[in-house]
Structure formats: C-alpha cells, structure tokens
1. Run the numbers on the stretch 56-108 and let me know its relative contact order in percent, using alpha-carbon pairs under 8 Å that are six or more apart.
2. Report D for the chain in µm² per second (integer): Stokes-Einstein, Kirkwood Rh on Cα pairs, 25 °C, 0.890 mPa s.
3. Sorted by mean Cβ packing within 10 Å, highest first, what order do the peptides 294-307, 117-130, 252-265 take?
4. If you stretched the chain out fully between Arg283 and Lys101, how much longer would it get, using 0.36 nm times the residue separation minus the C-alpha to C-alpha distance?
5. Quote the relative contact order of the stretch 40-130 in percent (integer), defining contacts as alpha-carbon pairs under 8 Å separated by 6+ residues.
6. Please give the net charge around Gly269, taking every other residue with its beta carbon less than 12 angstrom from that of Gly269, where Lys and Arg add +1 and Asp and Glu add -1.
7. Mind checking the full-extension length gain between Arg58 and Thr80? Use 0.36 nm per residue of separation minus the Cα-Cα distance, one decimal, nm.
8. Using the basic label-point model (7 angstrom from Cα toward the beta carbon), what is the Lys16 to Thr240 distance in nanometres?
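Each reported figure results from applying straightforward, stated rules to the coordinates on display, with no laboratory input. Note that the structure is predicted; figures quoted are calculated from it, not measured. Cβ placement follows ideal geometry from the backbone for every residue including glycine, while neighbour counts extend to all protein chains displayed.
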Amino acid sequence: MNQDLPPYIDGRDVDKALSLWHSGQVVAIPTETVYGLAADACNGEAVAQIYATKARPRFNPLIVHVANIAMAKRYVIWTTEAERLAAEFWPGPLTLVLRRKDNCPLSELVSAGGETVALRMPAHPLTRHLLETFDGGLAAPSANRSGRISPTSAAHVQAEFGATIPLVIDGGICTVGLESTVLDLSTSTPVILRPGGITRAMLSPFLPRLGETVTGGTLKSPGMLESHYAPGIPVRLNVTEVATDEALLAFGRDVPPGSAHMLNLSPDGTLTKAAANLFSYLRLLDDTRYRAIAVMPIPNEGIGEAINDRLRRAAAPR
Ligand code: AMP
Ligand code: MG
C-alpha cells in the first residue's frame, strides 16, 4: 500500500497515523509552513483534543487541510474565485476561508461555531500522501502550546509535546517556515486576514476587488467576529436551579430538574465531549419558545477554559 512513497517516508508511521486518526487521536505532522497538530476534522471530540493539547484558552477556528479540490468541495461552497486561486497557488501556503456547505460533515469546532471554514492544500509530499490515504480533512493548527513559537522541525514538536501526543511524524525542516496567508473569500470583498508567503501582490491579479488587509492590531480575534455564533435568547451561567420556561444546557450527573427542555453536554463529565457538543447544543436550545438558556457550571480546567470563554461571550449583554 505504501510502495509509492518517497524513500525518506516511513510507511509504518503512515499506518500508525491513520489508525490514530481513525480512533480520534492527535498526531503531529509536517507541512511546508510549520508543523501541525492534526486530527480528524469531522470528529468533534478529536478536534476538541487539539485545543486541549495546545492549552488554547479560546476556540479560535482551525485550518482544515485537504488532499485536493474535490475534498474541499465536500465541505464548502466552492466559488469561481476559489477555483482560480487554487489552480494557481495550491498546493501551497494559501488558506481560503469559504462558507460551509449545508450538512457539512466537519465538526463545528473547526469553525468555532461560525458559518465559514478555512481550507488549505499543503505541499509537503508526506502530508499530501497522509491526506490522500486518510481521505478526509485534517484540522491542524501549529504544533505549539498556546502563545509559544510555531515549530519548524520534529525536534521542536518533540520538545513541546513529546510526552502528551502519541506520534510526531518527522518530515524534515519546514521549507517555508512561516504560516500560510489566510484569505477570506466568504464576504463580498475578499480580505487578507493573515499576511504570509503568498503576498498581496501575488494575489491581486486574481482578485480585482481585494479589500484592505486586516492586520494584527485591527483584526478581532476570530472567535469574536460577528459571524461567530451568538444565541438570540439570553444565556444565564452557572445555574444550580432552572425555571420551567428555560432550556437547560447541562453538564455531568447532578442535573437540576424542571426545565422546559434539557440537553447534556456530557453526562459523564468529559470536557472534550462537552466541547464537541457545545456549538450544536447552543443552536438547538436557541429557540424563542424558551425564555433563556440556563447553563450549569463547567469546570474551568483544561479545555473547560475555552468552553467557559465561549459561554461568557454568549451570555454577555448585546
Ligand atoms: P494556526 O491555528 O496557528 O494554524 O492559525 C490559523 C489561522 O487561521 C488563525 O489566524 C485563524 O484565525 C485563521 N482562521 C482559521 N479558520 C478561520 C475562519 N473560519 N475564519 C477566519 N479565520 C480563520
Ligand atoms: Mg499558531
């Protein structure tokens, strides 16, 4: 099965990575930009495990890596601009933000609950082989703990995560060593959200309407963009009692009785499970039949920090 691999690729690593992804685990992979912490983008708990591993205090949206354009089309509404740019710059360090398709199978966590998803086809031959063989998108942010420098070698990743992730695949030193350019094609005027190796000058011949670049200082954290999901009805946090006209977002075993409707993020109290269910359950409970969404306390440890960050912003006055 792996006989066509370039000689420096270890087929056993490929088989091991595929079986880890199929069982919902995180594997570090090389790309031409930086090393990534990769998991099955369609498996919510696996994606939650990425945030937990990185100790990210927020659900920033994640880039989904695809093997080819056909795979991209499974997930997003593909546009003529996307077609033109992908023909020119894929595989390579250009990430395209596009609208999710109806019934998109990707976890809502990769979009941080929003309507868009960032896609990229990486150029690294080993990672392309992994994506083709896995035959599904891999969510992969840079393989560093939140706030630390992006890794450009397998040794960097080993030093950062060696003990906590089951496999780091060594694909050599990253040839680009700088993160991809992120281009938002989901709005009427395309905008560069993160400058990178594919420059504005390279993009503009393909995009007559390219807007002003939104750089660091002015860019709102993606988790805060209006496009990201905020419930229409009030949200009440840390409840221990619930009213009969409220919908209850529960966590764990000791669920207060009497709500109009109840969904439990994780009856057995698993935080990665709660993270995987968070956005879809908020949507399901966001119904004007209820006066508010009442949310039980979520432990503020590990990925619970990102869950509580999201809930606090959902509950903030608008
Ligand atoms: P990293 O997690 O370090 O690989 O960085 C990913 C970058 O892509 C971050 O700057 C994210 O904000 C950005 N990004 C990912 N998905 C989206 C999206 N759906 N909309 C806007 N920006 C995104
Ligand atoms: Mg990063």
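1. Once normalised by length, the contact order is 43 percent.
2. Estimated diffusion coefficient is 120 µm²/s.
3. The most tightly packed comes first, giving 117-130, 294-307, 252-265.
4. Taking 0.36 nm per residue and subtracting the Cα distance, the gain is 63.8 nm.
5. 40
6. Taking every Cβ under 12 Å from that of Gly269, the sum is -1.
7. Stretched fully, the Arg58-Thr80 segment lengthens by 4.6 nm.
8. Between Lys16 and Thr240, the simple spin-label model gives 4.9 nm.
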